[in-house]
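The values are calculated or read from the model by the stated rules, or taken from the named source; none is laboratory data. Here the structure is a predicted model, which means the values were calculated and not measured. Here the Cβ positions follow ideal geometry from the backbone for every residue, glycine too, while neighbour counts run over all protein chains shown.
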Ligand code: C2G
């Protein structure tokens, strides 16, 4: 069984996230989605997130694409998760190209095409204009 893992904030879940999850799911048989804890996002400088962790998890659940959902709480957790869950493939959008190559020591790393023209930041800006 091929196990895939991907991570993200998934704020204001949109089509770009959905496409990413679908592509990640197709890479294997079991998809784990790591959703960032609110405190982890703050620590990595993502300060404008609109939805809290439970709302973001509920949205991921509703897609029906995640076989398991976990919370990402600290820097360095990806390596621990890959080992703990016997992950074969780490997948992430191409905006992160090269950034996760250090995980190649632990599993296969695949950068999936990012969906153009949509982002959480854009949705947050539009929301503020209403
Ligand atoms: N994504 C995408 N297309 C978009 C927007 C996002 O393919 N138009 C992908 C991102 O590349 C990422 C995932 O959707 O793989 C989640 O994106 P974010 O919610 O912005 O999360 P991010 O900050 O990229 O989290 O540990 C956290 C992760 O490493 C990355």
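If you check 44, 84, which single one turns out to be over 13 Å from the mean Cα position of the chain (by Cα) and more than 12 Å from the ligand (Cβ to nearest atom)?
Numbers: 44 fails: more than 12 Å from the ligand (Cβ to nearest atom).
84 is the lone residue from the list that is over 13 Å from the mean Cα position of the chain (by Cα) and more than 12 Å from the ligand (Cβ to nearest atom).
Would you say residue 20 is modelled with pLDDT of 95 or more and under 13 Å from the mean Cα position of the chain (by Cα)?
Working: modelled with pLDDT of 95 or more: yes; under 13 Å from the mean Cα position of the chain (by Cα): yes.
Here the answer is yes, as residue 20 does meet what is asked.
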Exercise for review: Hey, could you check segment 47-72 for residues that are outside any helix (DSSP H, G or I) and under 13 Å from the mean Cα position of the chain (by Cα) and say which is farthest from residue 105 (Cα to Cα)?
Suggested key: 65
Check your understanding: Can you spot a residue in segment 7-26 that is over 21 Å from residue 114 (Cα atoms) and either within 8 Å of the ligand (Cβ to nearest atom) or surrounded by fewer than 21 Cβ atoms within 10 Å (Cβ to Cβ) (or both)?
Key -> no
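Do the conditions hold for residue 80, that is, is it modelled with pLDDT of 95 or more, buried (at least 16 other Cβ atoms within 10 Å of the Cβ), in a helix (DSSP H, G or I) and out of contact with any helix residue (DSSP H, G or I) (no Cβ under 8 Å at 6 or more places or on another chain)?
Details: modelled with pLDDT of 95 or more: yes; buried (at least 16 other Cβ atoms within 10 Å of the Cβ): no; in a helix (DSSP H, G or I): yes; out of contact with any helix residue (DSSP H, G or I) (no Cβ under 8 Å at 6 or more places or on another chain): yes.
Spelling it out, it is not the case that residue 80 is modelled with pLDDT of 95 or more, buried (at least 16 other Cβ atoms within 10 Å of the Cβ), in a helix (DSSP H, G or I) and out of contact with any helix residue (DSSP H, G or I) (no Cβ under 8 Å at 6 or more places or on another chain).
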Check your understanding: Is segment 111-130 home to any residue that is more than 10 Å from the ligand (Cβ to nearest atom), within 20 Å of residue 1 (Cα to Cα) and not in a loop (DSSP other than H, G, I, E, B)?
Key -> no
Exercise for review: Can you confirm whether segment 37-50 contains a residue that is in contact with a strand residue (DSSP E or B) (Cβ under 9 Å, 6 or more places away or on another chain) and closer than 16 Å to residue 4 by Cα?
Suggested key: no
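Going by what's in this entry, would residue 55 be described as in contact with a helix residue (DSSP H, G or I) (Cβ under 6 Å, 6 or more places away or on another chain) and surrounded by fewer than 18 Cβ atoms within 10 Å (Cβ to Cβ)? I'd like the intermediate steps shown before the answer.
On the way: in contact with a helix residue (DSSP H, G or I) (Cβ under 6 Å, 6 or more places away or on another chain): no; surrounded by fewer than 18 Cβ atoms within 10 Å (Cβ to Cβ): yes.
When the stated conditions are applied, residue 55 does not pass them.
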